[in-house]
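One structure below.
The values are calculated or read from the model by the stated rules, or taken from the named source; none is laboratory data. Bear in mind that the values here come from a model prediction, so they are computed numbers and not experimental data. Note that we place each Cβ from the backbone using ideal geometry, even for glycine, and neighbour counts take in every protein chain shown. Remember, those area values only see protein heavy atoms, side chains included, never the ligands or the DNA or RNA. Shrake-Rupley method; radii C 1.70, N 1.55, O 1.52, S 1.80 Å.
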Amino acid sequence: MSTAAAAAPSRPNPLAAFYASTIGKKWIVALTGLGLIGFVIGHLLGNLQIFLPPDYINTYAKKLKDLGPLLWIIRFGLLGIFVLHVVNTIQLRQRSAAARPEAYAVERKKAASKASLTMIISGLILLAFIVFHLLHFTLTVIPTKDIHVLDPLGRHDVYRMVVGGFQNPLVSIFYLISMGLLCMHISHGFQSVFQTIGLRTRRLSGPLNLLSNGLGWFLFLGNAAIVLAILFGLVK
Amino acid sequence: MNLTLKVWRQKDAKSPGKFETYEARNISTHASFLEMLDVVNEDLISKGIEPIHFESDCREGICGTCSMVIDGLPHGGQPGTTVCQLHMRYFQEGQVVTIEPWRAKPFPVVRDLIVDRSSFDRIIQAGGYISVRTGGTPDANALPVPKQNADLAMDAAQCIGCGACVAACRNASGMLFMSAKMGHLSYLPQGQAERSRRALAMVRQHDSEGFGNCTNQYECEAACPKEISVAYIARMNRDYALASAKEMAGVE
Ligand code: HEM
Ligand code: FES
């Protein structure tokens, strides 16, 4: 027998094999997680302009809107990254759950942090938060005070919309809780990325943990400052 | 000292198991945990009860056969200690001690506290070796190895394959074991030729055995009786991605 079909051994497609493997999936979670962290940092820095006169954040918002097709490319890119992150983490969690069909009667932990044990929960609540957040300030379909007013230059008054949004205590509390969860997610996630992509060494583990916690707190305090300043009328 | 034991009893892989309660009487604090179980088993036998089945061989922490989760921690949770090395002085008079087998799909229970770890053997068979002609012992220093690499290889080679990493891991992942086995070869010159092939083959075997995925909680390192570092997992993650990239690009 010397037909081509018989001779060719069936080898898995290398890309498909990587994507199907535990470590491959984890690489995707790490790289997309890093991308999302980059976005979250940029998003916060932009929004801290709420502490400046209204003109700043309204100009910034207009500039983003004026990116036109580029804005859509960025949006779809982010969506793609987000979907890859969520789908792969859920698949990994399912595999890991299947790997331990019978639970221990007594469970004790020596090393795992609370944040690391609740990644899927903080993640899923973040998912719900992000959907709400998009409906709230991007698609503006959630009834909110001052949502569609124009500023003196005839631009969408993003400043008034944000202030109007956080004057609602229920909304503010939901945002604060979500930012707490983001803080936890990233305080484990950031250093975890370096382990996943093979850059966390014994020497770097201490500094990376510090950086990871610092980043989590920075994102929490920065975002919470916006919400609290508005809720307590410091920004109005 | 006297203790109350709650021990997992299971007739075979197919039967459901359950906890039974036994008393351990007049145990010396100098005894090891396994010696304590020997005493309890003597007592059970004299009462006509089937003794507790557990594995042991060397009883000096080098063979990796003894395996049980004691009060939620593999090998009882003393740093750098296997169950056979665990002394009874760490327990309190009258303490209730829960003893369970390793719990993981790729480690089916054979009987009571004994699990079948041949999934580990199959990971080694997939690539945890080097292909060389065997022969006489080579001369020392015929193949120079930097001291640092030799140390790192030897640290990894301390893995006794006991499976505590899998038992401790929330995801029943075999990655500390697998990365140690890769690491002790990949730090040495002899391990280079098959490094990529090995990474791909071992990870694929690990996955197909049904082990879970590492979530970087580092419980494995804390549970390892040989205190093997999770730095080997990071190195394996890098090796596996590099090997996959080479495979995708068709690098020969
Ligand atoms: C702004 C949004 C998000 C950011 C910045 C983010 C960031 C990260 C980072 C950096 C990691 C660590 C990757 C690694 O361990 O190597 C991670 C892990 C994880 N993320 Fe997210 N994430 C976000 C949203 C979500 C959402 C919506 C989910 C919903 C399911 C989620 C679920 C998870 C889970 C379960 C892990 C742990 C995976 C593991 O440990 O194996 N994340 N995330
Ligand atoms: S019996 Fe050999 S390591 Fe415990």
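A quick yes/no check of all residues on (1) over 23 Å from the mean Cα position of the chain (by Cα); (2) within 16 Å of ligand 1 (Cβ to nearest atom); (3) within 30 Å of B:Q158 (Cα to Cα); (4) within 13 Å of chain A (Cβ to nearest Cβ):
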site	(1), (2), (3), (4)
B:N2	yes, no, no, no
B:K18	yes, no, no, yes
B:F33	no, no, yes, no
B:M88	no, no, yes, no
| query | How many residues, within the range B:222-252, are more than 8 Å from every other protein chain (Cβ to nearest Cβ) and within 30 Å of B:M68 (Cα to Cα)? | reply | 6
| task | Residues that are more than 24 Å from A:N223 (Cα to Cα): find the helices (runs of 4 or more DSSP H) completely inside the range A:54-159 holding 2 or more of those. | result | A:69-98
| query | So which of B:S28, B:S67 ends up being touching a residue at least 60 places away in the same chain (Cβ under 8 Å), polar (S, T, N, Q), buried (at least 20 other Cβ atoms within 10 Å of the Cβ) and away from ligand 1 (no atom under 16 Å from the Cβ)? | reply | B:S67
| said: Under 8 Å between Cβ atoms, which residue pairs at least 6 apart in sequence (or on different chains) link something in the range A:212-236 that is under 19 Å from A:I57 (Cα atoms) with a partner that is open to solvent by less than 20 Å² (accessible area, probe 1.4 Å) and not in a helix (DSSP H, G or I)? | reply: A:I226/A:V235; A:A229/A:V235
| Can you tell me which residues in the range A:162-202 are without any contact (Cβ under 8 Å) to a residue 60 or more places away in the chain, at the interface with chain B (Cβ under 9 Å from one of its Cβ atoms) and either within 14 Å of the chain's Cα centre (by Cα) or more than 16 Å from ligand 1 (Cβ to nearest atom) (or both)? | A:R202
| request: Please determine, by comparing only the residues of the range A:87-138 that are in contact with an Asp or Glu (Cβ under 8 Å, 6 or more places away or on another chain) and of a type in the set (A, V, I, L, M), which one is surrounded by the most Cβ atoms within 10 Å (Cβ to Cβ). | output: A:A112
| task | Restricting attention to the range B:197-213, report how many residues are within 15 Å of B:A234 (Cβ to Cβ) and more than 7 Å from chain A (Cβ to nearest Cβ). | result | 1
| request: Report the residue count in the range A:168-209 for those that are assigned to a helix (DSSP H, G or I), surrounded by fewer than 19 Cβ atoms within 10 Å (Cβ to Cβ) and of a type in the set (S, T, N, Q). | output: 2
| Before we move on, is B:G72 closer than 28 Å to B:D121 by Cα, within 14 Å of chain A (Cβ to nearest Cβ) and away from ligand 2 (no atom under 13 Å from the Cβ)? | yes
